[in-house]
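Heads up: the structure comes next, in structure tokens.
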């Protein structure tokens, strides 16, 4: 997920996503000073729960920011994906 406001509390984020089912882990990325970097990862036990969270929370407002949700993809997969450039 992207779009986490810097003043958000990790517990607020956990509660928001726990509405969709039991969470295995909730990781909000911080810098060395403990400031939120605006993105994180939620891991559910059930894939359907993740799907439901994405469908319900993508492009919604959280505090004053809009959340962007998508399924996790490893860096290798992201780098191998087509970039959308077209040459003729």
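Here's the yes/no breakdown for (1) free of Cβ contacts under 8 Å to residues at least 24 places away in the same chain; (2) assigned to a helix (DSSP H, G or I); (3) on the phi > 0 side of the Ramachandran plot:
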{"residue": "4", "(1), (2), (3)": "no, no, no"}
{"residue": "13", "(1), (2), (3)": "no, yes, no"}
{"residue": "17", "(1), (2), (3)": "no, yes, no"}
{"residue": "33", "(1), (2), (3)": "yes, no, no"}
{"residue": "41", "(1), (2), (3)": "no, no, no"}
{"residue": "52", "(1), (2), (3)": "no, yes, no"}
{"residue": "59", "(1), (2), (3)": "yes, no, yes"}
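Residues in the stretch 48-88 that are modelled with pLDDT under 90 and exposed (fewer than 10 other Cβ atoms within 10 Å of the Cβ): how many?
18
The values are calculated or read from the model by the stated rules, or taken from the named source; none is laboratory data. Being a predicted model, the structure only gives us computed values, none of them experimental. Note that we place each Cβ from the backbone using ideal geometry, even for glycine, and neighbour counts take in every protein chain shown.
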